[in-house]
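Below: the structure, in structure tokens.
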Amino acid sequence: MSHKITISTRDNHQFEFYCNDKQNVQDAAEAANLYPPFGCKSGVCGACLGTCKTGNYQLDSYSDEVLSADAAKNGDVLLCCAIPESDLQITLPYDAECIQQTLSAPRDAEIISIEKIAERTFKVVLQLQDDPEVGLAFDFEPGQFVELEIPNLDLMRAYSLSNTPNWEGRLEFLIRLQPNGKFSNFLQQTAIGQHILVHAPSGGFVINKQSANPRCFIAGGTGLSPFLSILSRMAEWAENHPTHLFLGVNNEAEILCQQELTMLQQSLPHLTVEICVWKPEDNWKGFIGTPVDAFKAHLEKNGSATDVYLCGPSILVEVSTQAALEAGVNKEHIYSERFVSS
Ligand SMILES: Cc1cc2nc3c(=O)[nH]c(=O)nc-3n(C[C@H](O)[C@H](O)[C@H](O)COP(=O)(O)OP(=O)(O)OC[C@H]3O[C@@H](n4cnc5c(N)ncnc54)[C@H](O)[C@@H]3O)c2cc1C
């Protein structure tokens, strides 16, 4: 039996397609040449999160790290796990430009730099190889991620881009090493010049351009990556939007990209940056505590009419979302990307 699925984007575009009762909504969308942002396609990464407004469905198994019981009760769904039992109307928390109509093939790239920039944290730079059709260009929206694949190791992981689209084919990433992580081990044993496959950009963690609200960015560690891309784009376009960035790290050794942030502040006079150190060791003069503590204090002082963007470990996203909702921030104006492990 086939059901009509209507998906509506944040900027009020609608797409319709049909899905049978043995198929998930993501697969059905792709069969209709629509590619809403996706990642693992197994209910783990949360990249295909939406909210079902009307209709009945079953959810295949998923990780409660990306879809809590409460959120599921309120209609939040992962498209890759949702099997319709009736027609469905689903809203998506990003604009129509994030839904691709074709999926470009993975591109070959060479690792040209791996630099330690903080405790357990590396900046990795890739150089795309020339493509007969598009040359070196690689188009993406600041805030999006790509899957990086090491074919001979059968290994694929998602990483957010930290620079902006460019014609030179240069892609930058901030990567935190995880103990015994497969990609983390690969990086530590990798020599410059190694080749890697870069999949098509994906993800809906992009700026809500229709909103005139001030922006709060809350990053945990390398969760700073998409914000660097977004802020660089704001600087390139001389966007004068009041923006407050809260960057959380465990200790001073983990502080990353301070110089880049100072330079961005020079181009963006309405950007404030608060580095929040949870357990400082030395004479740290800045904020002591988590970025959620700093964010809560900011909301108390400045009110809740703000757009909130959260990126990093699941726990940070969870606690910050709760704090924002309790302070009265509109749920529709809270956007997040969770750096969960696949
Ligand atoms: C959309 C998306 C974007 C992402 N972007 C970035 C990014 O820009 N920068 C970045 O550093 N990471 C990012 N990640 C996380 C990244 O994809 C990997 O999960 C991470 O690098 C670990 O991969 P690994 O192969 O080294 O570890 P795995 O082999 O996947 O894991 C090995 C072990 O480490 C544990 N582990 C893995 N990750 C964590 C964690 N976060 N906390 C605690 N334990 C963990 C696992 O439980 C496991 O026991 C992103 C994830 C998603 C879904």
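A compact table of results
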| item | result |
| --- | --- |
| Estimated dipole of the chain in Debye, rounded to 20 [Cβ of Lys and Arg +1, of Asp and Glu -1, Cα centre] | 520 |
| Förster radius 22 Å - calculated FRET efficiency between THR54 and GLN100 (Cβ-Cβ, nearest 0.05) | 0.30 |
| Electrostatic dipole magnitude of the stretch 107-198 [Cβ: Lys, Arg +1; Asp, Glu -1; Cα centre; debye, to 20] | 580 |
| Label-point separation in nm, ASN74 to LYS209, each point 7 Å along Cα→Cβ | 2.8 |
| At R0 = 35 Å, FRET efficiency that the Cβ-Cβ distance of ALA327 and SER86 yields, to 0.05 | 0.45 |
| Dipole of the chain, positive end: most advanced residue of GLY55, SER184, ALA294 [Cβ charges, Cα centre] | ALA294 |
| Highest-first arrangement of 330-340, 3-13, where packing means the average Cβ count within 10 Å | 330-340, 3-13 |
| Charge-dipole axis of the stretch 107-198 as Lys and Arg at +1 and Asp and Glu at -1 on Cβ define it, positive-most pick from ASN166, PRO151, GLY135 | PRO151 |
| Packing-based ranking, highest mean first, of 98-105, 24-31, 124-131 given that Cβ atoms within 10 Å are counted | 24-31, 124-131, 98-105 |
| Centre separation in Å (Cα based) which lies between the stretch 82-143 and the stretch 231-271 | 22 |
| Positive dipole terminus of the chain, leading residue within PHE246, VAL44, PRO313 (C-beta point charges) | PHE246 |
| Projected-area mean, the stretch 76-120, by convex hull of Cα positions, square nanometres | 7.2 |
| Burial ranking of peptide ranges 181-188, 251-258 (average Cβ count within 10 Å, highest at the top) | 251-258, 181-188 |
| log10 of Debye I(q)/I(0), alpha-carbon scatterers only, for the stretch 125-194 at 0.19, 0.25 Å⁻¹ | -0.87, -1.29 |
| The chain - convex hull of the alpha-carbon atoms, volume per residue in Å³ | 140 |
| Residue-count net charge about PHE295 - beta-carbon cut-off 15 Å; Lys, Arg +1, Asp, Glu -1 | -3 |
| Anisotropy class of the stretch 2-98 from Cα gyration tensor, a/c 1.5 cut | rounded |
| About the Cα centre, charge dipole magnitude for the stretch 2-98 (Lys/Arg +1, Asp/Glu -1 at Cβ), debye | 100 |
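Values quoted throughout were computed directly from the atomic coordinates according to the rules given, and no laboratory measurement underlies them. Note that the structure is a prediction, hence the values are computed from the model and not measured. We place every Cβ from the backbone using ideal geometry, glycine too, and count neighbours over all the protein chains shown.
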